[in-house]
Amino acid sequence: MNLKKRKTGELFKAKIQRLKDEQFELIESDERFGFDWNEEKDYDVYQVNLASRDDILGLISLEDISKELRIFIRLVEVSKENQGTGKEYENIAGCLIAYACMIAFAKDYEGFVSLIPKTELINHYRNNYGFVEGGTHMYLEGKRAEALIEKYLKNGW
């Protein structure tokens, strides 16, 4: 998996790994993140980092809803310096969402991933990641989930 430096187009190897218990306290004091990630301790929280550094560029909290054969994205956040038009690295959120899809395939859920978006992000999830609306949720599965994995996790750019 690669992240692209926005200004130069240079590619950097990145990794996604589970957030360790002791890291929750570090995030709480890190002004680069706005959500209270301590509320997510009971769920599967993953971080994305550059392979060469340990600073966290983005986070995702996942809940396995096994009786519905889906992974629910509880929360996803990109560090402040990687948001908007002045971001340093591109595609952090895409990598995290694709990782959720990969987990959903590994659990034989056919890539079924859902989330409840903020109203202002509905078009963003639809246009950038292929989510479709289903009641209060948005979801993707199957070929759409495979396409995200191919684009964000297996990318060579």
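The values are calculated or read from the model by the stated rules, or taken from the named source; none is laboratory data. Everything numeric here is computed off the predicted structure, so don't read it as measured data. Glycine also receives a Cβ, built like all others from the backbone with ideal geometry; neighbour counts cover every protein chain displayed.
Just wondering, is there one or more residues in the range 1-14 that are within 14 Å of the chain's Cα centre (by Cα) and under 15 Å from residue 76 (Cβ atoms)? There is no residue in the range 1-14 that is within 14 Å of the chain's Cα centre (by Cα) and under 15 Å from residue 76 (Cβ atoms). Is it the case, given these coordinates, that residue 126 is of a type outside the set (Val, Ile, Thr) and either assigned to a strand (DSSP E or B) or in contact (Cβ under 8 Å) with a residue 40 or more places away in the chain (or both)? Considered against the rule, which asks whether it is of a type outside the set (Val, Ile, Thr) and either assigned to a strand (DSSP E or B) or in contact (Cβ under 8 Å) with a residue 40 or more places away in the chain (or both), residue 126 comes out as no.
Select from the range 90-112 the residues that are surrounded by fewer than 22 Cβ atoms within 10 Å (Cβ to Cβ) and hydroxyl-bearing (Ser, Thr, Tyr) and list them in ascending order. Within the range 90-112, just 109 meets the criteria. Screening residue 58 with (1) of a type in the set (Gly, Ala, Ser); (2) closer than 19 Å to residue 15 by Cβ; (3) over 12 Å from the mean Cα position of the chain (by Cα) gives one miss only, at (3). One residue alone among 50, 140, 75, 62 is surrounded by 21 or more Cβ atoms within 10 Å (Cβ to Cβ), in contact with a strand residue (DSSP E or B) (Cβ under 7 Å, 6 or more places away or on another chain) and under 30 Å from residue 22 (Cβ atoms), and that residue is 62. Scanning the range 31-63 for residues that are in a strand (DSSP E or B), over 14 Å from residue 97 (Cβ atoms) and either of a type in the set (Phe, Trp, Tyr) or in contact with a Phe, Trp or Tyr (Cβ under 8 Å, 6 or more places away or on another chain) (or both) gives 45, 50, 63.
Just one of the listed residues (10, 28) is free of Cβ contacts under 8 Å to residues at least 24 places away in the same chain, loosely packed, with under 13 Cβ neighbours inside 10 Å, acidic (Asp, Glu) and in contact with an Asp or Glu (Cβ under 9 Å, 6 or more places away or on another chain), namely 28. In the condition set (1) in contact (Cβ under 8 Å) with a residue 40 or more places away in the chain; (2) over 15 Å from the mean Cα position of the chain (by Cα); (3) at positive phi, residue 107 is compliant with all but (3).
Scanning the range 42-79 for residues that are at pLDDT 95 or above and of a type in the set (Lys, Arg) yields 67, 70, 74.
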